[in-house]
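The values are calculated or read from the model by the stated rules, or taken from the named source; none is laboratory data. The structure presented is a predicted model; accordingly, all values stated were derived computationally and were not measured. In this analysis, Cβ positions are derived from the backbone assuming ideal geometry, glycine residues included, and neighbour counts consider all displayed protein chains. Heads up: the accessible areas ignore ligands, DNA and RNA and are worked out on the full protein's heavy atoms, side chains in. Shrake-Rupley method; radii C 1.70, N 1.55, O 1.52, S 1.80 Å.
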Amino acid sequence: MATKRVMLVAGNWKMNGLAAEGHALAQAVAAGAEGVGCELLVCPPAVLLSTAGAALSGSGVALGGQDCHPEESGAHTGDLSAEMLADAGSRFVIVGHSERRADHGESDALVRAKALAAHRAGLTTVICVGETEVERDAGRADAVVAGQIKGSLPEKATAADTVIAYEPVWAIGTGRTPTPDEVQAMHRHMRAIVSGSHGAEIARQIRLLYGGSVKPGNASELMALEDVDGALVGGASLVAADFLAIAGCCA
Ligand code: PGA
């Protein structure tokens with residue numbers, strides 16, 4: 001009866017790497033990807049999509065963008081459309097990362113518009129949510145994440161075109177993580193929120209990633225949690241052996 005959710009390990013390179021490094025990193029990921037028991041995704045800076053894509057070609061590792069503009073084309077200097085990312089070989093795009101929410105003032109409504117654009121272009125979205133430390137300390141983490149999910153997920157989102165990543169802001173790049181119990185509780189809560197907004201079936205099938213200081217040393221216990229379906233990895237995705245070791249923790 002239950003369709004098993006295929007785990008996904010996604011590397012978010014953020015604003016790191018020039019062409020030579022990006023090519024070498026993608027090549028090393030491709031070389032180690034065979035036999036890994038989960039889906040792999042690499043999201044390089046947009047200017048490296050083609051070089052990383054060439055290195056990943058034939059490996060089964062998917063390529064993704066880190067952001068997109070809601071519109072298909074037009075006078076938006078410096079922005080990239082979802083169609084452009086798809087044309088460059090992307091199958092996924094991250095939207096609503098907390099660094100974009102913070103650095104660029106992105107609202108839930110804008111994140112939702114970006115997710116809709118991604119779906120229009122045939123991309124799968126990785127929609128990021130997560131509370132700040134102040135919000136967690138105030139006991140508001142559940143409410144904040146619920147609000148972000150309700151505000152950022154398109155009404156017609158499905159488990160096939162949408163992945164949600166829970167990334168507590170205070171855990172990103174800090175070496176700190178919530179306890180496994182806290183992660184599991186949040187992911188269970190997220191599934192309940194999706195069940196309320198999109199129905200029980202989508203909630204059962206949708207993949208919920210954990211992100212924030214995932215490393216080879218903590219991946220096993222995090223990836224073993226019932227409602228965790230993979231990881232969104234920042235820093236550790238810049239070292240192929242670490243990224244692959246994290247993927248190796250996902251059966
Ligand atoms: P980190 O970043 O793994 O370096 O903490 C995670 C993310 O921002 O996706």
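Using the Cβ atoms and a cut-off under 14 Å, what net charge is assigned to the surroundings of Ser73, where Lys and Arg are +1 and Asp and Glu are -1? Walk me through the intermediate numbers first.
Working: positive: Arg120; negative: Glu71, Glu72, Asp79, Glu83, Asp87.
Around Ser73, the charge tally is -4.
Normalising the average separation of contacting C-alpha pairs (under 8 angstrom, six or more residues apart) by the number of residues puts the relative contact order of the stretch 1-80 at 31 percent. Any idea what % of Cα-Cα pairs in the stretch 14-129 are farther than 17 Å? The answer is 54 percent, as a whole percent. Once you reduce the stretch 73-89 and the stretch 141-184 to the center of their Cα atoms, the two points are 26 Å from each other. Remark: the stretch 8-71 carries 40 Å² of accessible area per residue (probe radius 1.4 Å; ligands, DNA and RNA excluded).
Computed across the stretch 1-65, the Kirkwood hydrodynamic radius from all distinct Cα-Cα pairs reaches 12.1 Å.
Taking amide H as placed 1.01 Å from N in the peptide plane, Gly211 has its amide H under 5 Å from the amide H of Tyr166, Glu167, Leu232, each at least 5 places away in sequence or on another chain.
Counting pairs of alpha carbon atoms under 8 Å apart in space and at least six apart in sequence, what relative contact order in percent does the chain give?
Working: 520 pairs, mean separation 53.5, N = 251.
Value for the chain: 21 percent.
Amide H contacts of Ser81: His69, each under 5 Å away and 5 or more positions distant or on a separate chain (H built 1.01 Å from N in the peptide plane; Pro and chain starts excluded).
Can you run the Rg to Rh ratio on the stretch 88-204? Use alpha carbon positions and the Kirkwood inverse-distance Rh. Walk me through the numbers before you get to the answer.
Details: Rg = 13.9 Å, Rh = 14.5 Å.
Ratio value, two decimals: 0.96.
When the accessible area of the chain is split by element with a 1.4 Å probe, what percent falls to carbon and sulfur? In the chain, the share of accessible area belonging to carbon and sulfur is 54 percent.
A DSSP coil position with no more than 10 other Cβ atoms inside 10 Å describes the following GluC sites (Glu not before Pro) in the stretch 60-159: Glu155. In a reduced charge model with +1 at each Lys and Arg Cβ and -1 at each Asp and Glu Cβ, the stretch 163-251 shows a dipole moment near 120 debye about its Cα centre.
Let me know the charge dipole size of the chain about its Cα centre in debye, to the nearest 20, where only the beta-carbon of Lys, Arg (+1) and Asp, Glu (-1) is charged. Walk me through the intermediate numbers first.
Details: 19 positive and 29 negative charges, 72 e Å.
With only Lys, Arg, Asp and Glu charged at Cβ, the dipole is about 340 debye.
Work out the P(r) tail for the stretch 153-251: percent of alpha carbon pairs separated by more than 21 Å, whole number. Taking all Cα-Cα pairs of the stretch 153-251, the fraction more than 21 Å apart is 32 percent.
A 1.4 Å probe run over the protein chains yields, for the stretch 115-217, 40 Å² of accessible area per residue, whole-number rounding. For the chain, the convex hull drawn through the C-alpha positions has a volume of 117 cubic angstrom per residue.
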